[in-house]
Structures are given as C-alpha cells and as structure tokens.
Amino acid sequence: MEITISHRNVDVPRELRLAVDEKVGHLDRYLDVLERAEVRFVEEAHRRVDQREICEVTLVGRGNVVRARAMAGDAMAALDTVMDKLVRQLERRKGRLIGRSHPHHRVGIAS
C-alpha cells in the first residue's frame, strides 16, 4: 500500500513517520483491496486548547473510500485515536462484504 504523509502548521518527526508506516501498513489485513493511504497532520488554533493536533486518514482502494479524523493533544495520540476509528470502520465494511457474498449467514431461525 502506498502511504502519503502531508502536514500543515506542524512538523512531522521521524518517529511519527515510522509509526504511521507501521500502523497504516497493517490496515490491509482488514480489507485487502486497499491501494493508497493519505495521512494528514494539521495543527489548528482551536477553542479546545488541549486538542490542537488533528490527524486525518483517507484509505482508497477499488471502489472503497474509508476516512477518519481525530483530534488530540499531540500527533501520536491523534494517530492512535484515528487508527481505532479506522479499524472499526474496516471491520464493519468487511462484515458487510462477507454478508453480501454469503447471504445464508444472515438467515434467522424460522418461526
């Protein structure tokens, strides 16, 4: 999977880039059609002073687009939060794809 990291108003240190490569690289085990990941870090002046760092991740692959956004006090915490959101979305999407291809799994007990 191709991973692109961009940033605005914030520096992305090497440790954070390595964490992004490691964590986002593991997401293709949930949905193997993922081709590209775009990770964006932004620092904004926000009314919640303790949540200035924003991490946005967009996953693209063969008709699937999955996007998540998280705010936190530092970029690593925002990355962890957005990864949790993405895992939940990918698990739900994979379940729907499996349910669509195997309709007999959804049949309830006859009354």
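The values are calculated or read from the model by the stated rules, or taken from the named source; none is laboratory data. For clarity, every value in this text was computed on a predicted model and none was experimentally measured. Ideal geometry is used to build each Cβ from the backbone, glycine not excepted, and the neighbour counts take in all protein chains shown.
What's the number of the only condition in (1) of a type outside the set (Lys, Arg); (2) in contact with a strand residue (DSSP E or B) (Cβ under 6 Å, 6 or more places away or on another chain); (3) free of Cβ contacts under 8 Å to residues at least 40 places away in the same chain that ASP50 fails to meet?
So ASP50 meets the others, but not (2).
Out of all the residues in the range 26-83, which are among the aromatic types (Phe, Trp, Tyr) and within 15 Å of ASP11 (Cα to Cα)? Let's see the steps before the verdict.
In the first step, residues of the range 26-83 are kept if they are among the aromatic types (Phe, Trp, Tyr); the result is 30, 41.
Residue satisfying the conditions is PHE41 alone.
Can you tell me which residue within the range 6-37, out of those that are outside any strand (DSSP E or B) and small (Gly, Ala, Ser), is nearest to ALA78 (Cα to Cα)? Can you show your working first?
Going through the range 6-37, the residues outside any strand (DSSP E or B) turn out to be 9-35.
Subset that is small (Gly, Ala, Ser): 19, 25.
On the way: ALA19: 12, GLY25: 17 Å.
Taking the candidates together, the pick is ALA19.
Between ARG40, ARG36, which is in contact (Cβ under 8 Å) with a residue 12 or more places away in the chain, surrounded by 12 or more Cβ atoms within 10 Å (Cβ to Cβ) and closer than 18 Å to THR81 by Cα?
Working: ARG36 fails: closer than 18 Å to THR81 by Cα.
Being in contact (Cβ under 8 Å) with a residue 12 or more places away in the chain, surrounded by 12 or more Cβ atoms within 10 Å (Cβ to Cβ) and closer than 18 Å to THR81 by Cα holds for just one of ARG40, ARG36, which is ARG40.
Could you tell me which of the residues ARG92, ARG47, ARG67, ARG40 is over 24 Å from ASP21 (Cβ atoms) and either assigned to a strand (DSSP E or B) or at pLDDT 85 or above (or both)? Break it down stepwise before answering.
Numbers: ARG47 fails: either assigned to a strand (DSSP E or B) or at pLDDT 85 or above (or both); ARG67 fails: over 24 Å from ASP21 (Cβ atoms); ARG40 fails: over 24 Å from ASP21 (Cβ atoms).
Criteria check complete, one pass: ARG92.
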